[in-house]
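To start, the structure under review is shown below, and the notes come after it.
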Amino acid sequence: MAGAALALIVAIIIGALYLAQATMTVTTNRQLEELVARRARLERENEQLRAEIAVLRSVPRLITRATELGFTLAERAQIEYLVVEGYVPQRPESVAPLQADDALPAYDETLSGWLQRQWEALVQQFEDWAGGESAGGPVEQRLP
C-alpha cells in the first residue's frame, strides 16, 4: 500500500511539473505571437506614415500650400541680389588640362587576345596541378 501511495505521489509531482512546463511554453509562445503581430502592425503604420509624408512633401502640394499662405512666383524684376563686401566664395582649384605627353595609353586589347590569355592561364594551372600531384610531394603555388 505504501509503495502504491508513493508511486501515486511521484506521478502527481511529475504530472504537475509537466503541466507547469507546458503552461510556461504556451504562455511564452502566445507572448511571442503577440509581439510579432505588434511588430507587423507597427511596420504597416510606419509605411503608412512614410506614404503620408511623401504626399505632403510633394512639389504640387508644397506649391498649393505656398499659394494658400499668400506666396507667388517671383518675376525677374522682383528678384533682388544682395552684394556682401569682402565676401570671397570658395571655388574649387582649377585643374590643369592634360598635356599631350600625359595622354592615356591607347586601348588596343581585343576580345580574342583576352580570351587567348585566359585560356593559356587555365591550361598552365592544370599543368601545374597535374605536375605537382604526379611528383608525390606538396603542390607549390606560383605567384604571378
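Since every read-out is calculated from the coordinates, none of them should be taken as a lab result. Nothing here was measured: the structure is a model prediction, and the numbers come from that model. Methodologically, a virtual Cβ is constructed for each residue, glycine included, from the backbone with ideal geometry; neighbour enumeration extends over all protein chains shown.
Within 10 Å of each residue's Cβ, count the other Cβ atoms and sort 18, 81 from fewest upward.
The order, fewest Cβ neighbours first, is 81, 18.
Sum up the charges of everything whose Cβ sits under 13 Å from the Cβ of residue 33, counting Lys and Arg as +1 and Asp and Glu as -1, but leave residue 33 out.
Counting the neighbours of residue 33, the net charge comes to +3.
By counting other Cβ atoms within 10 Å of each Cβ, how are 128, 108 ranked from fewest to most?
In order of increasing Cβ crowding within 10 Å: 108, 128.
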